[in-house]
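Input: a single structure, listed below in structure tokens.
The values are calculated or read from the model by the stated rules, or taken from the named source; none is laboratory data. Since this is a predicted model, take the numbers as computed values, not measurements. Backbone-built Cβ (ideal geometry, glycine too); neighbour counts: all protein chains shown. Areas reflect the complete protein model, heavy atoms only, side chains present, ligands, DNA and RNA absent. Shrake-Rupley method; radii C 1.70, N 1.55, O 1.52, S 1.80 Å.
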Amino acid sequence: MLENMNRFKDKMDSLSKSLSIYAPKKKKKPNENTFAQQLAAATTGNNISSLSAPKTQNVQKSDVELATNINNDIKSLVEKYSKEYNVKPELINQLISVASGYNPNAVGKNGQVGLMQLNPALLGQFGVTNPFDPSQNISAGTQYLSQLLQNNNGNIPLSLAAYYTDPKTVSRFGGIPPYLDTKNFVNQVLSGINSNSK
């Protein structure tokens, strides 16, 4: 058993090293810009340094406004890719909410990354060069979910289970695998969709 645990640890260390190239750079100075500021600057074309300001009450308000803008940008990306890949935006939004809590820098316990918690094995398949980039992440995740829905004849629970685990596992069990974390993921996404549609 100890040998298996050591093998698992080695595998996780290897996965962690391979994903480290995608990890956001750590801040070196406390006065560097936040992710929200950098994204806002990138999307508006402003110089990031122009966003720097002395620490005052206004800066905190500005950070809240920037975070709101980022959430709006994410929702705009969801709308865009939901139309492109024919997936309901409510489903994508709820999947993002459950999978990452709308955190573009989220890394899951099994190495899944970004807003839609993409499996690292999928990154090359969908041409993802930076899985922490909201546009690339949502595009790839929505495209993958669309494929799963087509393969499962539009069955949302089976498609979500395949998204969370993988299609072969769902096929092997002939339905949603009997794993608690998979069942919880599917139920949370579905209950969020159902509560929003009431």
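Of the candidates L145, L190, the single residue that is buried (at least 20 other Cβ atoms within 10 Å of the Cβ), assigned to a helix (DSSP H, G or I) and aliphatic (A, V, I, L, M) is L145. Within the stretch 68-118, the set of residues being part of a helix (DSSP H, G or I), touching a residue at least 12 places away in the same chain (Cβ under 8 Å) and of a type in the set (G, A, S) comprises S82, S97, A99, S100. Step by step: first the residues of the stretch 153-187, then only those that are polar (S, T, N, Q) and open to solvent by 40 Å² or more (accessible area, probe 1.4 Å), then the one that is farthest from L118 (Cα to Cα). Which residue is that? Only one residue tops the list, namely N153. Within this structure, S100 fails the test of being over 18 Å from V189 (Cα atoms), open to solvent by 10 Å² or more (accessible area, probe 1.4 Å) and at pLDDT 95 or above.
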